[in-house]
Amino acid sequence: MDIQPILKTLRHQKTAALLIAFEIALSCAIICNALFLIAHRLDRSNMPSGVAEAELVRIQVGSIGEQDDDNARIDEDVAGLRGIPGVVSVAAVQQVPFGGSSWNSGLRIAPEQKNSVVNATSYFDGGGVVRTFGLELLAGRDFTADEYVDFDTLFSANGDQSRLSSAIITRSLGEKLWPGENPLGKAIYLGKEPIRVVGVVAALVRPSIFDDSLAGYSAIYPVRGAQYTQYVLRVGDGSSDAIIEQAAVTLRELQPNRIVLNTDTFTELREEYFQQDRVMAGLLVAVIAALLTVTALGIVGLASFWVQRRQRQIGIRRALGATRGNVLRYFQTENFLIVTAGIAAGMFAAYAINRWLMQHYELPPLPLHYLPIGAFALWALGQLAVLAPALRAMQVPPAVATRSV
Amino acid sequence: MLHYYVWLAARSVRRNPALTALMVLAIGIGIGASITTLTVLRVLSGDPLPQKSDVLFYPQLDPQDSNDYRPGEEPPNQLTYVDAMSLLNANRADRQAVMSGGAAALVPDKQGLDPFAVDLRYTTADFFAMFEVPFLHGSPWSATEDAAHERVVVISRELNDKVFDGGDSVGRMLRLDDHDFRVVGVLDAWRPNPHFYDLNTGNYDDSEDAFVPLDSAIDLGMGRHGSMDCFGDEPLSPDETLRSPTCSWLQFWVELATPEKQQAYENFLVAYSEEQRALGRFERPTNVRLRGLMEWLDYQKVVPGDVRLQVWMSFGFLLVCLVNTTGLMLAKFLGRSSEIAVRRALGATRRSIFAQFLLEAGAVGAVGAVLGLALALAGLAAVRLQPVDYAELAHLDVWMFGAALAMALVASLLAGLLPAWQACSVAPALQLKSE
């Protein structure tokens, strides 16, 4: 197909052609970045937690008034919860993945170090966390019964921090603290006393992710009776609703004077935690759909107008021997040329927008494969939009050439 | 003449309804999206206390030890109990209040009402006067009650309705956790947005259900909400952290009526910090801030980044809609080249042709504005369904209503400029000859 006559015709109506190309360029730039943002948000909301989410339930209770003996209370609760049919195991812990509030500490790897190496979150395992969460132990072991220390003996004016001697950390935290080395047996320091790493787990996400790159930095300590202790139940694959209900009843029977604050499955916790990301992804999908629609309608409108204006020319061409197919392809090629020009400009604009987003929203650079995706979408859209007007052009009879208006 | 143009415009709509509808739709959707996101942004970046925000300040100090010190860092966002109380008792500002969020289980006397959790604010006497909190009954407690650690409470209108069935409940007792508090005041509805005085409990959170003197709450070990940063190697129990000089968890606000007072207060903060350094308590170089309310909100980035991103997105979309409309108008106007040629040949000036087409563009904008407003109302209704703390604030106000109209008109006129210019440049002789 000869594109010379097309280019020549386009020069006669360059304003309209430029407008379409400009619109395509803008759409291309926005769509590439929107697609990238969507992928980024969805990735984030699917961030691995390292725990057996499908099988876990979290129960948070608040009591009215002072507790006489927190540890005895917790032991009794755990025993009661474990007795519920369908409950596989129970953990008492002061924070949970995606739960929001968290206890964080700067970790050092030598007692005299002035600046901490990394800020990690601290899970206080009141018993059964590794087993109940379903953490994958890559090396080392779970805590032994004699390693557990009471929170009160550690944290008080005359507390004895040397009693806390072991920790389990995530692989990523180990890699951050001692790059390329095996963390097992090495010591971390919260205060002046060494805490030995006895186990390494594959992953355990923070309760609250303020920076995605730090999401995996978690340490577990064998500390019982911490403030805000809550219960995590592993319930197997069955329905958790009946178990949650029963758990609330059991807890109230054990001590009537308290309020069950929250009961959530971990699926709910994750959903709630990443709600904003999913809403944003949904909005972006809507924006892309709206952009494609508006652009397509714009192309249909302008192409129809062109076909209408060029009735006589089309008739003349038909009379001079052009086939219907020639006419159809003429309009398709014309659209392809305009859209291609738009896409070419759109690529640069997409890159520029991405630069700006990187500066203001801490986004990674736009992976190059998004550009052909956006380009292909717009080529397809252009061809689809021009089809109806081009088909109408195809129907113009050669006799039009002989008529005068 | 205007009549004639309107008549021409109406005729043109009738001749080409699909194209006109498309233009109206494009402008409408673009305006609807932009106004929705702009309204949300406007609500979120609003001034919580317009009449006072310029005299309220948030002092910051850096009391930390030299571990983990990185020069140039901002001081912590909150104060330790020791510093907050020193600044409060120094009484150098017109008004000052220390505060933190908390929660307790409320055990109602009322029959048929189970114990439920309430959000609390632990604060000091000036809180109410400084933030101009409206009272329905009673009054705030005074510094005397603060000093005596008295168990008094100011409750919200909502809580008063729920627990005491409304009415003047001053003097009645309210049971929070295991402790009885005497009601001294009942507030009228009060919800500053953002929740500026404490951004730890949610930027656009509702204000609290009840207010209790800070020291009484600490004495009774009542539950605390918010964030706490401790430094130093001292192992402290949760109770000990509260009055410790090494744990920052309190917000502190001051009212300073004049620039002279602000300068004097900043000097006072520097002097206090220097004094603490001399005593050996502060180990880092003096690093104080005295940010005004709006500056503080800005520094804390209260407006979610996503909301700004949405605004940019909607404007990008509006731009595409505009370009689209320009193209369609061009098609539409040039489709009437013969009509233009005839009118020009009969003596119409370029200017009048230009005016006529611009008027037609404006008409498209006006209809587009109506559609855009309808879409914005729908969009805001959708925002209110979102599970975010600012959801219920998303309403269109008069200003945004006007902005929608103005934006649609300006947008459509901009879109019409180029097509109208091209239309009035149609050479009548050439056009008539070719027909």
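Brief remarks follow.
- Summing charges over all other residues whose Cβ lies under 12 Å from the Cβ of A:ILE259, with Lys and Arg as +1 and Asp and Glu as -1, gives 0.
- Taking the three principal axes of the alpha carbon atoms in the stretch A:53-273, the coordinate ranges are 50, 38, 30 Å, sorted in descending order.
- For the residues of A:300-307, the average number of beta carbons from a partner chain within 10 Å of their own beta carbon is 5.
- The helix-only estimate of mean residue ellipticity at 222 nm for chain A, built from DSSP H runs of length n ≥ 4 each weighted as -39500 (n - 2.57), is -16500 deg cm²/dmol after division by the residue total.
- Antiparallel content of DSSP bridges confined to the protein assembly as shown, in %, to 5: 80 percent
- Value of [θ]222 nm, deg cm²/dmol, for chain B, DSSP H segments ≥ 4, -39500 (n - 2.57) each, nearest 500: -16000 deg cm²/dmol
- Pairs of Cα atoms nearer than 8 Å and 6+ residues apart set the relative contact order; for the stretch A:53-273 it is 38 percent.
- The distance from the alpha carbon centre of the stretch B:1-69 to that of the stretch A:105-121 is 47 Å, rounded to a whole number.
- Of A:LYS114/B:LYS301; B:LYS332/B:LYS433; B:LYS52/B:LYS162; A:LYS114/A:LYS186; A:LYS176/B:LYS301, pairs whose Cα-Cα distance is over 24 Å: A:LYS114/B:LYS301; B:LYS52/B:LYS162; A:LYS176/B:LYS301
- Which of A:GLN60, A:SER240, A:ILE209, positive extreme of dipole for the stretch A:53-273 (C-beta unit charges): A:ILE209
- Averaging Cα coordinates gives a centre for the stretch A:249-264 and one for the stretch B:338-353; these two points are 84 Å apart.
- Summed side-chain charge close to B:ARG172 - residues other than B:ARG172 whose Cβ falls under 14 Å, Lys, Arg +1, Asp, Glu -1: 0
- Peptides A:175-188, B:308-321 ranked from most to least packed, by the mean per-residue count of other Cβ atoms within 10 Å: B:308-321, A:175-188.
- Chain A, relative contact order [Cα under 8 Å, separation at least 6], %: 28 percent
- Only Lys, Arg, Asp and Glu carry charge here, each on its Cβ (+1 for the first two, -1 for the last two); on that basis the protein assembly as shown has a dipole of about 7860 debye about its Cα centre.
- Ordering of B:279-286, A:325-332 by packing [mean C-beta count within 10 Å, highest first]: A:325-332, B:279-286
- From phi via Karplus (6.51, -1.76, 1.60), per-residue ³J(HN,Hα) for the stretch A:220-227 in Hz, x at Gly/Pro: 10, 10, x, 10, 9, x, 6, 4
- Net charge over other residues, Cβ less than 13 angstrom from the Cβ of A:ARG278 (K, R count +1; D, E count -1): -2
- Efficiency of FRET from Cβ geometry, B:GLU234 and B:VAL270, R₀ 41 Å, rounded to 0.05: 0.95
- Mean-position separation - Cα centroids, the stretch B:254-277 and the stretch B:86-136, in angstrom: 26 Å
- Neighbouring partner chain Cβ atoms per residue of B:324-336, average, 10 Å criterion: 6
- Neighbouring partner chain Cβ atoms per residue of B:313-319, average, 10 Å criterion: 5
- Helices of chain B meeting both criteria, an alpha-carbon length of 15 angstrom or more along the long axis and an average Kyte-Doolittle score not below -0.5, with helices taken as full DSSP H segments, are B:2-15, B:17-44, B:305-334, B:350-384, B:398-424.
- Projecting the Cα positions of A:LEU357, A:ALA393, A:ILE316 onto the charge dipole of the stretch A:309-394 (unit charges on Cβ atoms of Lys, Arg, Asp and Glu, taken about the Cα centre) puts A:ILE316 furthest along the positive direction.
Just so you know, all these numbers are worked out from the coordinates, no wet-lab data involved. Since this is a predicted model, take the numbers as computed values, not measurements. Note that we place each Cβ from the backbone using ideal geometry, even for glycine, and neighbour counts take in every protein chain shown.
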